[in-house]
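J.: If you scroll down you'll find the structure; I have some questions about it.
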Amino acid sequence: MRVDFYGLAFDTPQITFHLWSPWRAAELEHRLFQAVRSLPNTQADVGPDEWRIVLTDSKTWRAALQAVSRVLKGWQEEANPGSERRIWRWLLEADTNDDGYDHTGEPLSLWGFLRVSLERGGPEDPDKGEDIDLQGFGLRIWGEASPPRRRPNS
């Protein structure tokens with residue numbers, strides 16, 4: 001499927017949303033995962049240590065990205081006007097060797113994580129900003145369905 005991630009286009013067989021360590025995840029991370037889970041044509045794979053939702057349709061992907069964005073915009077609106085500012089951004093990460101595998105021997109994937117920022121205080125106050133990485137929620141954009149020419153160490 002062909003997906004658009006804020007102007008970046010990818011051809012991918014699937015995208016997986018993850019909620020790691022659900023018992024430790026923040027409320028915001030749960031709200032993000034539930035927003036994706038509530039979409040039509042999605043099924044959550046619920047385990048004790050990780051919850052996953054696999055998307056294989058580009059329409060569902062667009063709806064999922066929009067649902068995540070809505071939750072984050074709602075979280076921004078919950079800030080105290082005039083004394084708090086909330087910002088969010090996606091961080092993308094990947095690693096690969098020259099054969100297209102990551103450090104664990106799996107085919108290359110692109111991972112997306114969220115970082116939220118809280119800025120408190122008024123204009124005269126010194127910066128009181130805080131960045132928080134949402135380590136319990138993320139997404140994986142899978143690489144090609146067929147593996148590269150050869151596996152490492154073979």
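J.: What whole number of Å gives the distance from the Cα centroid of segment 64-113 to the Cα centroid of segment 1-62?
T.: 11
J.: Related question: Karplus couplings for segment 93-103 from phi (6.51 cos²θ - 1.76 cosθ + 1.60, θ = phi - 60°), rounded to Hz, Gly and Pro as x?
T.: With the stated coefficients, segment 93-103 comes to 9, 7, 9, 7, 9, 6, 9, x, 10, 7, 5 Hz.
J.: For n ≥ 4 DSSP H runs only, could you compute -39500 (n - 2.57) per run for the chain, divide by its residues and tell me the 222 nm figure to the nearest 500?
T.: -6500 deg cm²/dmol
J.: I'd like the orientation of helix 58-77 relative to the chain: the angle between its Cα long axis and the longest Cα principal axis, in ° from 0 to 90, rounded to 10.
T.: Roughly 20 degrees between the two axes.
J.: Excluding ligands, DNA and RNA, what is the solvent-accessible area per residue of the chain at a probe of 1.4 Å, expressed in Å²?
T.: In whole numbers, the chain has 61 Å² accessible per residue.
J.: Note down the relative contact order for the chain as a percent, whole number, built from C-alpha pairs under 8 angstrom at least six residues apart.
T.: 27
J.: Considering only Arg89, Arg37, Arg140, give the residue with the highest GNM mean-square fluctuation for the chain, with springs between Cα atoms whenever their separation is below 10 Å.
T.: With Cα springs under 10 Å in the chain, the top fluctuation among Arg89, Arg37, Arg140 is at Arg89.
J.: Among Pro40, Asn97, Ala25, which residue has its Cα positioned farthest towards the positive end of the charge dipole of the chain, with +1 placed on the Cβ of Lys and Arg, -1 on the Cβ of Asp and Glu, and the dipole taken about the Cα centre?
T.: Going by the charge dipole, the pick is Pro40.
J.: Report, to the nearest 10°, how far helix 27-37 tilts away from the longest principal axis of the Cα atoms in the chain, using its own Cα long axis and a range of 0 to 90°.
T.: On a 0 to 90 degree scale, this one is about 50.
J.: Roughly how many Å² of Lys59 are accessible to a 1.4 Å probe, to the nearest 10?
T.: 140
J.: Moving on. With charges only on Cβ, +1 for K and R and -1 for D and E, what is the dipole size of segment 5-99 about its Cα centre, in debye, rounded to 20?
T.: 600
J.: Shifting gears a bit: Just for the Cα atoms in segment 48-131, what are the lengths along the principal axes, largest first, rounded to whole Å?
T.: Principal extents (largest minus smallest coordinate, Cα): 53, 30, 27 Å.
The values are calculated or read from the model by the stated rules, or taken from the named source; none is laboratory data. Note that the structure is a prediction, hence the values are computed from the model and not measured. Neighbour counts run over all protein chains shown; Cβ positions are idealised from the backbone, glycine included. Just so you know, the surface numbers come from the protein's heavy atoms only, side chains and all, with ligands and any DNA or RNA stripped out. Shrake-Rupley method; radii C 1.70, N 1.55, O 1.52, S 1.80 Å.
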